[in-house]
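Colleague: Okay, handing you the structure first.
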Amino acid sequence: MYNEKQGDSEVNKLKAKILIVEDEKDIADIMILYLKKDGVETLWCDTGEKGLDAVSEQVFDLIVLDINLPGMDGFETLRKIRQKSQIPVIIVSARQEDVDMILGFGTGADDYVTKPFSPSVLTARIRAHLRRKEDSGNEADHVFSFGKFKLDSNKQILSHDGKNINLSPREMDLLIFLVLNPGKAFSQEELYKKIWGNNFGDLSTVSVHIRRLRKKLGEDSSLPRFIKTRYGFGYYFQEDNVS
Ligand code: CA
């Protein structure tokens with residue numbers, strides 16, 4: 001039966017094959033369950049070594065990689081993957097040190113999700129990465145200019161006068177989210193939910209990221225041009241500045 005347009009769930013099915021490297025079977029099972037609902041094909045490996053073998057034998061669209069693994073850890077596995085492939089990698093970890101590492105250094109990860117995670121958040125992030133990869137369509141949809149800045153939301157590149165500006169994955173997500181919703185103010189709580197994907201976190205993370213972003217955008221913090229403060233509420237991207 002031809003049912004491509006039957007309801008959202010059918011339309012939104014992802015045609016993708018994902019490698020899951022995770023030593024805890026329960027966690028892998030949940031991921032597989034949710035990804036299957038999205039129509040995603042999965043392969044589960046419980047060690048980095050097996051994951052690497054899988055990467056050299058098969059083609060995947062994305063890898064979900066745990067850091068704390070028996071034997072070769074996730075970082076080492078990622079380094080080895082990066083020697084042969086630029087495939088999107090989402091790191092899953094429960095340790096704050098890992099998150100710091102991912103944010104601070106060029107680990108080659110495209111994104112991370114902290115444990116415990118909500119399966120729907122993980123699948124949403126996977127979706128976003130697969131779309132980015134897929135969508136090389138019309139530039140006007142995903143390239144935004146403001147001042148001398150150019151933001152490519154698909155490739156996740158911010159440049160100023162042709163020079164790339166390095167943003168952490170979360171800074172990039174935050175900037176893209178604000179730019180995609182120009183003129184609309186969001187509270188710290190809303191931004192936290194949208195970008196970090198859960199309700200239980202330190203909201204000051206948002207202002208820390210806003211501060212870093214403004215710095216990278218060369219903003220005068222007392223009079224920012226792009227990321228504005230709505231006092232007593234939150235932040236918004238100045239509408240006139242996006243084209
Ligand atoms: Ca683990």
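Colleague: Checking the condition over 18 Å from LYS115 (Cα atoms), of a type outside the set (Val, Ile, Thr) and either part of a helix (DSSP H, G or I) or at pLDDT 95 or above (or both), which residue from ASP29, ASP53 passes?
Modeller: Only one candidate qualifies: ASP53.
Colleague: While we're looking at this one, here's another question. Identify the residue in segment 51-72 that is surrounded by 18 or more Cβ atoms within 10 Å (Cβ to Cβ) and of a type outside the set (A, V, I, L, M) and, among all such residues, is farthest from the ligand (Cβ to nearest atom).
Modeller: Step by step, filter segment 51-72, then rank; the result is ASP61.
Colleague: Sort through LEU217, LEU178 and tell me the only one that's open to solvent by less than 20 Å² (accessible area, probe 1.4 Å), under 24 Å from VAL121 (Cβ atoms) and not assigned by TED's automatic domain parsing to the domain that holds ARG132.
Modeller: Values: LEU217 fails: under 24 Å from VAL121 (Cβ atoms).
Every option except LEU178 fails the conditions.
Colleague: Filter segment 41-50 down to residues that are of a type outside the set (S, T, N, Q) and under 17 Å from ILE91 (Cβ atoms) and give me whichever is most open to solvent (accessible area, probe 1.4 Å).
Modeller: If we take residues in segment 41-50 being of a type outside the set (S, T, N, Q) and under 17 Å from ILE91 (Cβ atoms), then TRP44 is most open to solvent (accessible area, probe 1.4 Å).
Colleague: Now for a separate question. Of the conditions (1) in contact with a Leu (Cβ under 8 Å, 6 or more places away or on another chain); (2) within 16 Å of the ligand (Cβ to nearest atom); (3) modelled with pLDDT under 95; (4) assigned to a loop (DSSP other than H, G, I, E, B), THR107 fails just one. Which one is it?
Modeller: Single failed check for THR107: (2).
Colleague: Continuing with this model, one more query. Tally time: how many residues in segment 200-243 are at pLDDT below 90 and closer than 19 Å to PRO169 by Cα?
Modeller: The qualifying residues number 4.
Colleague: Now for a different question. Just the residues that are over 12 Å from ILE126 (Cβ atoms) and not in a strand (DSSP E or B), please, taken from segment 40-50. Quick ask: steps written out before the conclusion?
Modeller: Taking segment 40-50 and keeping what is over 12 Å from ILE126 (Cβ atoms), we get 41, 43-50.
Within segment 40-50, ASP46, THR47, GLY48, GLU49, LYS50 qualify.
Colleague: Across segment 77-104, what is the total count of residues that are within 16 Å of the ligand (Cβ to nearest atom) and surrounded by 15 or more Cβ atoms within 10 Å (Cβ to Cβ)?
Modeller: 11
The values are calculated or read from the model by the stated rules, or taken from the named source; none is laboratory data. This is a predicted model, so every value here is computed, not measured. Quick reminder, even Gly has a Cβ in these numbers, built from the backbone with ideal geometry, and neighbours come from all protein chains shown. For the accessible areas, the whole protein counts, side chains as well, though only heavy atoms, and no ligand, DNA or RNA atoms are used. Shrake-Rupley method; radii C 1.70, N 1.55, O 1.52, S 1.80 Å.
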